[in-house]
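All remarks here apply to the structure that follows.
The values are calculated or read from the model by the stated rules, or taken from the named source; none is laboratory data. Quantities reported herein were computed from a predicted structural model and do not represent experimental measurements. Heads up, the Cβs are rebuilt from the backbone with ideal geometry, glycines too, and the neighbour counts pull from every protein chain shown. We work out accessible area using only protein heavy atoms, side chains counted, and drop any ligands, DNA or RNA first. Shrake-Rupley method; radii C 1.70, N 1.55, O 1.52, S 1.80 Å.
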Amino acid sequence: MVNETKDVSKQEQLSIVVRYLHQQSFHEEFLDFTAAEGLDADSLLKKIMETLAKCGIDHNACIGQCYDGAAVMSGHISGIQERFRREVSQAVYVHCYAHRLNLVLVDCVHNVQDAAEFFVTIQKLYKFLSTSVVHEEFLKVQKELESVNQHIELKKRLSDTRWACQHAACLAVKRTLPAIVTTLKRLVEGDNVHRATESKVLCILLDQQFLTSLVAIEKLLLMTKQQSHHLQSPDLQLVSSEDLVQSSLVSQK
């Protein structure tokens, strides 16, 4: 299993993991982070082969390969998976199922108008409440409300790609909604014209449609979060994943 991403210095890194069966149990082992000097299929495949060889692993023993759906990885003509399979014919390519779930969620959010508008509002809330003055007021309001036992932060930026992990963002808004509304109303009456205007707009956006979407989407994302975590589990088995998906579908009927 291979994925690539930038490190803090913006250097592309390959993370390489092997999954294997030993004594009737599945195991996963992280092998290495290796700098990707080139991002073409030839360069990346060379790095993968070098890492396997360095770890004493015979690539001819491979029966599967798992990447995301990027063309350089999954391309059926000249992608890494096809080039690898030319050498190891039994190494079947599998598009990472956790990544596929994420793509489904992304498409749903972008193509269902109500969902798209809901997440635009969530993003606006997070951005506005993360500014210093507003954030201090938000924490102050939480302290004043007796129903709030601990402070909940809304300062983390929403991910543009990890939609399976959006549950925490929706849950935080749901739990702090009374504090959010109170904070916005106070700022509407404040002296700062810009903050008052933004607060007024957000108050309008937090309508009945938003509240309905918040309840429904938080529930749906809780299920997809559980599925995403399960699909990334080291002891994952196809049968248990299928059972989880089916139970989720049944619960929605």
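Here are a few things to note about the model shown:
- All conditions but one from (1) part of a loop (DSSP other than H, G, I, E, B); (2) open to solvent by less than 40 Å² (accessible area, probe 1.4 Å) apply to Thr34; the one that does not is (1).
- Filtered residue count, the stretch 217-253, keeping only those that are open to solvent by less than 50 Å² (accessible area, probe 1.4 Å) and either closer than 28 Å to Leu125 by Cβ or aromatic (Phe, Trp, Tyr) (or both): 8
- Residues of the stretch 174-216 satisfying the condition of being over 28 Å from Val133 (Cα atoms), free of Cβ contacts under 8 Å to residues at least 12 places away in the same chain and open to solvent by less than 70 Å² (accessible area, probe 1.4 Å): Ala216
- Selected residue [part of a helix (DSSP H, G or I), hydrophobic (A, V, I, L, M, F, W, C) and either under 22 Å from the mean Cα position of the chain (by Cα) or modelled with pLDDT of 95 or more (or both)] from Ala179, Ala164: Ala164
- Residue among Ser228, Ser240, Ser233 that alone is without any contact (Cβ under 8 Å) to a residue 60 or more places away in the chain, among the hydroxyl-bearing types (Ser, Thr, Tyr), closer than 21 Å to Leu101 by Cα and in a helix (DSSP H, G or I): Ser240
- Members of the stretch 101-141 that are of a type in the set (S, T, N, Q) and open to solvent by less than 30 Å² (accessible area, probe 1.4 Å): Asn102, Thr121
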